[in-house]
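The values are calculated or read from the model by the stated rules, or taken from the named source; none is laboratory data. If you're wondering where the values come from, they're calculated on a predicted model, not measured in any experiment. Neighbour counts are summed over all protein chains in view; Cβ atoms, including those assigned to glycine, are modelled from backbone coordinates with ideal geometry. We work out accessible area using only protein heavy atoms, side chains counted, and drop any ligands, DNA or RNA first. Shrake-Rupley method; radii C 1.70, N 1.55, O 1.52, S 1.80 Å.
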Amino acid sequence: MSGITTYFRSFLGFNRNVKLSFTANLLNGLSQGIFLVVFNLYILEMGISADVLGGILSASPLAQALGSIPIGFLAEVIGFRKVFVLIYGISGLARLAQVSTGSVGLISAAAFLGGLALAGDFVVRLSFLAANTTTEERTQVYSLNSLIFSLSMSVGALAAGFMPNLFSALNLDLLTAYRLTLYLSGALAVLAVLPCLRMQDLPPAHDRKISLKPYLWGMDAFTVKQALVSLFVGLSLGMLTPFMNLYFIYHLGGTREFFGSVSAVTVLFTMTAVSLAPLLARRWGSVPVVTAIRMGISLFLVLFAFTANPLLGAAAYWMMMSMFQMSQPLSFAFAMRAATEKAKTAASAWLNVTYWLGNAVAAPLVGWSMARSDYTSPLFWAAGAVIMAGLVNQLFFHRMEIRLNQQEAAYAVSQTKAG
């Protein structure tokens, strides 16, 4: 608990922009927590099949893959504040639109529009937090950002598990109860605009020419390697997160309320895991720790696939999701540390592109499998993808991190002597 206490004490020392970013992230997390528990069930309750659901769920990640580079570039042109307003405003309205129509085409179009907006959330947030923190604060602020999002998602998930029951108690049918719950999700995303309006844009760097070159033809080898690792992570999580409520209900025999409660409890494990991550990274290095965590995730995925016991499945879920949350901030912090100054936004953009491309590829595959009542094959596919993410991470970045440590140590010694 001491690590968690340290994070929240550090929160008071972060600048105003960071705190406002965390507030918007919290509201967005509540929105997503509700959405993830209820949306799939809402679509199936409408009589839409699981394979069509897979297609709908691929629309948003595909849009995020396509929109990451343009929105990363847009942030450099118009500034962080305006982009954050666009991100949450459009994504919230798109979420409301998805539950205001019965047309699969319109639902998919709204999901695609929301995905385009959300494409900027990850890309812009990494660069925004990097610009508003010192090098010493960065790993901690990324971990706290992840922790806040996880906590708010858990609260949203817990509420979503029981909220439809409240509407049903008013003699509303289940479909209407789901729809009203999802309207609340969209409204929370729109509210995230308010803290963004109070952000202060950083002055532009006059010595930096804004160009698409670092994103495309000038993309460096480090960015390419990070993008490949992120693709495998996206494939793995894309087979899990959008469908986890269905795994619990149809694979483990649980209920919506059970899944909502399990999702909420996840935050307890996530808080502990995320607070330990920087300590482990300082002891053994970010790259080997991330690799080891991803290998561990695969073991719990296999356990989840083999068990039919909801409680054992919940334990496996808590472990693998907290480990995912533990590894990602370390991976992001290393990417921002190792990327050149001019390539930081481009690197974060490509991390997002390939992550969501992996999600977009995974969703139809899982929907196809579930439509055939096969709930275990996607779990094995996810395990294979996360193993590849760990192996490629170690191959590409272990020696690079050692060199960085040596260079930074040598620089510190030279500064001491100069002082």
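Laid out as a table, the results:
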| item | result |
| --- | --- |
| Residue pairs meeting the criteria (Cβ under 6 Å; at least 6 apart or on separate chains; first within 14 Å of G367 (Cβ to Cβ), in region 28-54; second in a helix (DSSP H, G or I) and open to solvent by 20 Å² or more (accessible area, probe 1.4 Å)) | S49/A371; A50/A371; D51/W368; D51/A371; G54/P364 |
| Criterion (within 15 Å of the chain's Cα centre (by Cα), open to solvent by 20 Å² or more (accessible area, probe 1.4 Å) and at pLDDT 90 or above) met by exactly one of L26, L93, L36 | L26 |
| Residue in region 246-261 that is hydroxyl-bearing (S, T, Y) and without any contact (Cβ under 8 Å) to a residue 60 or more places away in the chain present | yes |
| Flag if T176 is under 30 Å from I69 (Cβ atoms), without any contact (Cβ under 8 Å) to a residue 40 or more places away in the chain and open to solvent by 30 Å² or more (accessible area, probe 1.4 Å) | no |
| Of the criteria (1) open to solvent by 20 Å² or more (accessible area, probe 1.4 Å); (2) within 25 Å of V141 (Cα to Cα), which one Y250 fails | (2) |
| Single condition V124 does not satisfy, out of (1) open to solvent by less than 10 Å² (accessible area, probe 1.4 Å); (2) within 23 Å of K344 (Cα to Cα); (3) hydrophobic (A, V, I, L, M, F, W, C); (4) modelled with pLDDT of 90 or more | (4) |
| Filter pass, M199 being open to solvent by less than 40 Å² (accessible area, probe 1.4 Å), out of contact with any strand residue (DSSP E or B) (no Cβ under 6 Å at 6 or more places or on another chain), at pLDDT 90 or above and of a type outside the set (F, W, Y) | no |
| Pair list, Cβ under 6 Å, 6 or more apart: region 181-202 residue farther than 18 Å from G260 by Cα, other residue among the basic types (K, R) and at pLDDT below 95 | G186/R95; A189/R95; M199/R81; D201/R81 |
